[in-house]
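Peer 1: I have a structure I would like to understand better, so I am pasting it below and will then ask my questions one at a time.
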């Protein structure tokens, strides 16, 4: 079982993204304990040093914390998670709006499209 | 010491796969021939078959030595220069130990083969010829006026030294051959020719030296002179073998240590 | 931290032909480094010199402070690119053989890896498929607790499943005190597990850098970057 990576971008950044996504989506729960670096690296199919770098980055951004003897854990700070979730959402929406603009679709057309799709759903 | 034991065990195991059946086969054949000899006395029509077997057995006994020597060379060449060389040379073992373990295995098999050959000779000699053989040997030793035991021991030592020195020169030749990038077997063979010529040159020198010590009067057939002459030649040859063997070993060791070229 | 491997102006010539030309680099412990290059670039030659299978022409190579020799062979584990074991040997024979010669050989680990592959210890090498033989060779190499592992084209010519197994095994056996040098021309398949990459071209070292750094700087995979660099 190997995670998919885009070899044109640094792998550690992609690992950060994957972990971040898992945390904000709830796939990884707050306070959950992570496997060791080696086990994580093996499961992901990446170099342990790369995994270590990604985890250090995540710690720096506050999504993980290390307890010296106990191991690594997902932060229990739900506020923080929410903050990052909203930031991620915001960036994605911006990206989406950019792409729509490039296609020549304005914001009114987008709103119409969205409400149309919402009606279809219910 | 542990490493040497492991190496020897490894080489012995590898070679035993062929050598053991070979030696046992030759002994069995000789035994079978003996049986046929006895049987042919009861059933005379088997005499032709017996004679045929006797000839085959004799050739096989000699061929056994040839096989052991040639296959030992092949074993060394394969182990030290082909892909199999990766295994031996990745071991934390000095090249000198690779040489000595191969050599030791070879000598052990020669001794086994020698014992088997003696067994074959006794089996192959027709029953009525045993007495004659004893008489012939006694006469030979009487002429030379050398104690039988001393002679036999010296001869065995000489044969072993000669065989060992020969193998050492082969090792040296192969060590030179592996320096080449291609056609390594051919290069080894050419190197061996060169070494052989040097050997012959040294032998001739030795004989000249010995003859001059004893005076060029080869035709004096006093028994005492002949005995000393023979002994000197044998001892001189032995010394030469040791010299050639040691030098070859050192050359091979040097080349495998400092100029290893595994492809 | 003292480097586990240092090469200084390492050169190997065969007459006029320069198989390795003034190669210098350093590797710290705990790294997985890719030795990348086309066939004939000098990768095998470099590994053989480090493993003590070839003698250099000039320059210096030091593995944990010692030149390649009898001592380094006790803590360097080398996987050649060819089959080098007697194929009539059984798996159990091979395990016994390796434990007898290498003090750092972990026979329990080897047995377990073989069991995971579904191999019986009584199986002879020649009775196994080529892919299985390659895995066995890898097991023997990686079961040693060495300081430096030199793997020459471990994934060349194997099917994708075997390749995944090999890369997994390499990752599992990773240790912070040891480094692994993997030579390959199949860069795309291996770049995910690498820390650093060394590019060799016609015997010369043309690049040595951390892999993620290369990606960040050039916005390409290491494979694509190599092709670009190689063409120039």
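Peer 1: Every residue in region C:181-215 that is at the interface with chain A (Cβ under 10 Å from one of its Cβ atoms) and either under 16 Å from residue A:45 (Cα atoms) or in contact with a helix residue (DSSP H, G or I) (Cβ under 8 Å, 6 or more places away or on another chain) (or both), please.
Peer 2: Going through region C:181-215, the residues at the interface with chain A (Cβ under 10 Å from one of its Cβ atoms) turn out to be C:187-188, C:191-196, C:210-215.
Across region C:181-215, the qualifying residues are C:187, C:188, C:191, C:192, C:193, C:194, C:195, C:196, C:211, C:212, C:214, C:215.
Peer 1: Looking only at residues in region B:181-195 that are in contact (Cβ under 8 Å) with a residue 12 or more places away in the chain and in contact with a helix residue (DSSP H, G or I) (Cβ under 6 Å, 6 or more places away or on another chain), which one is nearest to the other protein chains (Cβ to nearest Cβ)?
Peer 2: The extreme case among them is B:184.
Peer 1: Pick out the one residue from B:74, B:17 that is within 11 Å of another protein chain (Cβ to nearest Cβ), out of contact with any strand residue (DSSP E or B) (no Cβ under 9 Å at 6 or more places or on another chain) and assigned to a helix (DSSP H, G or I). It would help to see each step written out before you state the result.
Peer 2: On the way: B:74 fails: within 11 Å of another protein chain (Cβ to nearest Cβ).
Checking each option against the conditions leaves just B:17.
Peer 1: To continue, here is another question. Based on this model, can you work out whether residue C:85 counts as within 10 Å of chain B (Cβ to nearest Cβ) and out of contact with any strand residue (DSSP E or B) (no Cβ under 7 Å at 6 or more places or on another chain)? Break it down into steps so the answer makes sense when it comes.
Peer 2: On the way: within 10 Å of chain B (Cβ to nearest Cβ): yes; out of contact with any strand residue (DSSP E or B) (no Cβ under 7 Å at 6 or more places or on another chain): yes.
Answer is yes for this residue.
Peer 1: Return yes or no: is residue B:61 over 26 Å from residue B:5 (Cα atoms), crowded, with 19+ Cβ neighbours inside 10 Å and not assigned by TED's automatic domain parsing to the domain that holds residue B:167? Working first, answer last.
Peer 2: On the way: over 26 Å from residue B:5 (Cα atoms): yes; crowded, with 19+ Cβ neighbours inside 10 Å: yes; not assigned by TED's automatic domain parsing to the domain that holds residue B:167: yes.
When the stated conditions are applied, residue B:61 passes them.
Peer 1: Looking at region A:1-22 only, could you name the residues that are in contact with a helix residue (DSSP H, G or I) (Cβ under 7 Å, 6 or more places away or on another chain), outside any loop (DSSP other than H, G, I, E, B) and either in contact (Cβ under 8 Å) with a residue 60 or more places away in the chain or under 25 Å from residue C:186 (Cβ atoms) (or both)?
Peer 2: A:11, A:12, A:15, A:20
Peer 1: Also, I was wondering about something else. Criterion first (under 30 Å from residue C:78 (Cβ atoms), at pLDDT 95 or above, out of contact with any strand residue (DSSP E or B) (no Cβ under 9 Å at 6 or more places or on another chain) and not assigned by TED's automatic domain parsing to the domain that holds residue B:253) does residue B:97 satisfy it?
Peer 2: Working: under 30 Å from residue C:78 (Cβ atoms): yes; at pLDDT 95 or above: yes; out of contact with any strand residue (DSSP E or B) (no Cβ under 9 Å at 6 or more places or on another chain): yes; not assigned by TED's automatic domain parsing to the domain that holds residue B:253: yes.
Yes.
Peer 1: Name the single residue that is surrounded by the fewest Cβ atoms within 10 Å (Cβ to Cβ) among those in region C:38-67 being on the phi > 0 side of the Ramachandran plot, more than 10 Å from every other protein chain (Cβ to nearest Cβ) and not in a strand (DSSP E or B).
Peer 2: Across region C:38-67, the extreme among qualifying residues is C:65.
Peer 1: Do we have any residue at all in region A:57-71 that's within 14 Å of another protein chain (Cβ to nearest Cβ) and touching a residue at least 12 places away in the same chain (Cβ under 8 Å)? Don't jump to the end; show me each part of the working.
Peer 2: Restricting attention to region A:57-71, the residues satisfying the condition of being within 14 Å of another protein chain (Cβ to nearest Cβ) are A:57.
Now restrict to residues that are touching a residue at least 12 places away in the same chain (Cβ under 8 Å): A:57.
Within region A:57-71 (the criterion being within 14 Å of another protein chain (Cβ to nearest Cβ) and touching a residue at least 12 places away in the same chain (Cβ under 8 Å)), the answer is yes, since at least one residue qualifies.
Peer 1: Any idea how many residues of region C:138-166 are modelled with pLDDT of 90 or more and crowded, with 19+ Cβ neighbours inside 10 Å? First the steps, then the outcome.
Peer 2: Our first condition is that a residue be modelled with pLDDT of 90 or more; within region C:138-166, this holds for C:138-154.
Then keep just the ones that are crowded, with 19+ Cβ neighbours inside 10 Å; that gives C:138-144, C:146-154.
Result for region C:138-166: 16.
Peer 1: Please count how many residues of region B:234-263 are part of a helix (DSSP H, G or I) and within 14 Å of chain C (Cβ to nearest Cβ). If you could, list the steps in order and put the result at the bottom.
Peer 2: Within region B:234-263, the first condition is being part of a helix (DSSP H, G or I), and the residues that meet it are B:234-258.
Of the ones still in play, those that are also within 14 Å of chain C (Cβ to nearest Cβ) are B:253-258.
Total meeting the criteria: 6.
Peer 1: What helices (runs of 4 or more DSSP H), lying completely within region A:23-122, carry at least 3 residues that are surrounded by 14 or more Cβ atoms within 10 Å (Cβ to Cβ) and more than 14 Å from the chain's Cα centre (by Cα)? Don't jump to the end; show me each part of the working.
Peer 2: Details: elements: A:37-44, A:48-60, A:78-103, A:107-121.
Counting at least 3 such residues, we get A:37-44, A:48-60.
The values are calculated or read from the model by the stated rules, or taken from the named source; none is laboratory data. Here the structure is a predicted model, which is why all the values come from computation and not from measurement. Counting neighbours? That spans all protein chains shown, and the Cβs are built from the backbone with ideal geometry, glycine included.
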